[in-house]
Amino acid sequence: MRGKISDIMNYSEFLERYLVNQEEFIFYYKDIEINICYGINGTFSYNITKNRVLILKEDFNSPNELLEKIKIDGIEFPKLWNYLE
């Protein structure tokens, strides 16, 4: 069983690591995998995979735009923070 990401780092630390350090992350929520990464041509991306099948991929022009618009099950990403593994 995976542990909660919020037990390892808080959302502010995640923001710093993603925005400043340009780290990529993989999170799990229920039965989906969320990959927050960097796309081609300087874009910022996230992918959602379920049962090893890519079900959504979106690219944005800035990391802030990505973090503002990413939603999982209709819930904004920051509100999911305490539920992500």
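For labels at TRP81 and VAL20 in the simple 7 Å Cα→Cβ model, what's the distance in nm?
Reported label-point gap for TRP81 and VAL20 is 1.5 nm.
Over every pair of different alpha-carbon atoms in segment 25-73, take the mean of 1/r and invert it; report that Kirkwood radius in Å.
On the way: mean 1/r = 0.0913 Å⁻¹.
Averaging 1/r across every pair of different Cα atoms and inverting gives 11.0 Å.
With the alpha-carbon atoms as the only input, what is the per residue convex hull volume for the chain in Å³? Walk me through the numbers on the way to the answer.
Working: hull volume 7.9 nm³, N = 85.
Taking the convex hull of the Cα positions in the chain, it is 93 Å³ per residue.
Can you run phi through the Karplus equation (6.51, -1.76, 1.60; θ = phi - 60°) for segment 62-72 and list ³J(HN,Hα) in whole Hz, with x for Gly and Pro?
9, x, 5, 4, 4, 5, 6, 9, 5, 9, 10
Using modelled backbone amide H atoms (1.01 Å from N, in-plane), which distant-in-sequence or interchain residues come within less than 5 Å of ILE72's amide H?
For ILE72, the qualifying residues are PHE77.
Would you mind checking which residues have amide H under 5 Å from LEU56's amide H? H placed 1.01 Å from N; only 5 or more apart, or other chain.
ILE48
Give, rounded to the nearest 20 debye, the magnitude of the charge dipole that segment 5-80 has about its Cα centre when Lys and Arg contribute +1 at Cβ and Asp and Glu contribute -1 at Cβ. Please report the intermediate quantities before stating the final value.
Numbers: 8 positive and 13 negative charges, 55 e Å.
Here segment 5-80 has a charge dipole of around 260 debye.
Can you work out ³J(HN,Hα) from phi for every residue in segment 34-49, in order, using Karplus 6.51 cos²θ - 1.76 cosθ + 1.60 and θ = phi - 60°, giving whole Hz and x for Gly and Pro?
Each residue of segment 34-49 in turn: 10, 10, 9, 8, 10, x, 6, 6, x, 8, 10, 10, 9, 10, 10, 10 Hz.
Computed from the coordinates by the stated procedures, all read-outs in this text should not be read as laboratory data. As the structure is a prediction and not an experimental result, all values here were calculated from the model. Note: ideal-geometry Cβ built from the backbone for every residue, glycine included; neighbour counts use all protein chains shown.
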